[in-house]
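Working notes for the structure below.
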Amino acid sequence: MDAVSVLIQDKPVVIFSRSSCCMSHSIESLLRGFGANPTVYEIDRMPNGQQVERALMQLGFRQSLPAVFIGQQLVGNERKVISLHVQNQLVPLLIQAGAIWI
């Protein structure tokens, strides 16, 4: 398995970010506000951070971090997560992934 697959396996919500990224912290707060408990990986603090970043690019993620996975699927960056929220699609996605229960 590649570096990203191993890290997202069996986790309903995963955020890949950098420790200094304020948008990553905002997305984490948004998700926690719904009751989700995202796993956050700060790639600048990981020994294999460059490998993880390359693996994200191989998955097609060419945007700035954060990279958000819900239900082991790449959702996108903060803009995509906020867009899903505005369209009332974020909560159903979190429920489907088993990240929250309502």
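Just so you know, all these numbers are worked out from the coordinates, no wet-lab data involved. These figures come from a predicted structure and were not determined experimentally. Cβ placement follows ideal geometry from the backbone for every residue including glycine, while neighbour counts extend to all protein chains displayed.
So here's what we get for this one:
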quantity: Simple label model, 7 Å out from Cα along Cβ direction - SER26 to ILE102, nm; calculated: 2.3 nm
quantity: Contact order relative to length of the chain, as percent, for alpha carbon pairs under 8 angstrom and 6 or more apart; calculated: 34 percent
quantity: Projected-area mean, the stretch 3-97, by convex hull of Cα positions, square nanometres; calculated: 5.5 nm²
quantity: The chain - share of DSSP beta bridges that are antiparallel (%, nearest 5); calculated: 65 percent
